[in-house]
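Okay, so here's the structure we're looking at.
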């Protein structure tokens, strides 16, 4: 119902028209005092003005976007920009736009997109099988650009990431900083040696074991960097025919039979060993199951 | 956190963009990290669809990379980016931009928002997600204006430039959009 009183020399309709200017401080002091006098003397306008202001303030505070949606969107954005960066730079005009770019980038794009989703699935499998808490000191071995690292970090006390690639660690550092997530970076030599720090309560690893020549030696090394009772959660491919990697450089294993992972963990001194399917990743119409091995240091 | 200064000052943005224009991908990456949250918030709220929002997000930064040399620093870099984002969104929905505004009288808009009614929409603000839902139900031109002005905190001048309006027209549209938003919040609360 329209209200048309006149208070302090202003009609309600005039106040309604100027509420935004009043809220934004976009009027002369004199006019402001006059509107304020109307509001002080008119219950209906005062009530509406208060509600209007509160509603706009609530809008300004915004609501957080779902973080998982955002992290996937940002990961895909990085991949797309990385591809663009490789295609050319703006100074030389070598940049290809639209479909041209898409055609050229499609192969890597698909691969990278799959990698993002795979990391997300592994992180979910880890958090559903290992009780995570703010007390845990965690290492991601072979963290890469931190797809798994950054998803787990907010659920644990402290997170470290070890990798042999300085470029990937630099990318991880940038992402960690922008998301305000502290991650300790541990650069490794190309042979994978270097200080792993710790001791940790949990060591995780995703799609890294098949790049490691001597996996039993790595498991023994994990034992040395774990607290008593500390756990591992390790994801990698089931044994496959060598079709997963187009480029075999740096690939020491074409996946692993699960019983072999089990035995290696046992030999290294782990107990409560479980090897289960974490997810299945598809590539060129073929399914590749990914296992998650969890175990506890005796 | 009302109208806090955004990450990355204007001068910093300008330096990063000029380095990007000469082919420095790491400078551009730093620029992306400063602003991707805001662009995501904007495209995600404007499109209502994750896939379309992701496409627009990527198009925005690819286009910004291509045209980094054209940023002159006349307004904020965020305003420049959101202007690109807006075009990226509208390319997906051709014909959405420039729809004539429905011209209800202010009194009608006010009444729909509860002017003169015996109610208190403050209650609605206590309920999680209602602000977002009310915003999502607004016509796209109101939504984008409120996102730019209130959520991202751009100035009236930046918003006017971005939407191709004079400042006076912008302020009039903003007031109407705010009233429609309050009306939606009220409708949400009353379960209409």
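The values are calculated or read from the model by the stated rules, or taken from the named source; none is laboratory data. Predicted, not measured: the structure shown is a model, and the values here were computed from it. Please note: Cβ atoms are built from the backbone with ideal geometry, for glycine as well, and neighbour counts cover all protein chains shown.
Observations, loosely collected:
- The numbered conditions (1) facing another protein chain (nearest Cβ under 10 Å); (2) free of Cβ contacts under 8 Å to residues at least 12 places away in the same chain; (3) assigned to a helix (DSSP H, G or I) are all true for residue A:15 except (2).
- Here residue A:174 fulfils each of the conditions (1) farther than 22 Å from residue A:268 by Cβ; (2) more than 14 Å from chain B (Cβ to nearest Cβ); (3) without any contact (Cβ under 8 Å) to a residue 60 or more places away in the chain apart from (2).
- Taking the criterion of being farther than 24 Å from residue A:258 by Cβ and out of contact with any strand residue (DSSP E or B) (no Cβ under 8 Å at 6 or more places or on another chain), the residues of region A:181-235 that qualify are A:189, A:190, A:191, A:193, A:224.
- Residue within region A:161-183 that is assigned to a strand (DSSP E or B), at pLDDT 85 or above, at negative phi and surrounded by fewer than 18 Cβ atoms within 10 Å (Cβ to Cβ) present: no
- Pairs meeting the criteria (first residue in region A:274-298 and modelled with pLDDT of 90 or more, second residue surrounded by fewer than 11 Cβ atoms within 10 Å (Cβ to Cβ) and not in a strand (DSSP E or B), beta carbons under 9 Å, at least 6 apart or on different chains) are A:275/A:259.
- Top-ranked residue in region B:13-36 [being surrounded by fewer than 17 Cβ atoms within 10 Å (Cβ to Cβ), at pLDDT 80 or above and part of a helix (DSSP H, G or I); ranked as nearest to the other protein chains (Cβ to nearest Cβ)]: B:18
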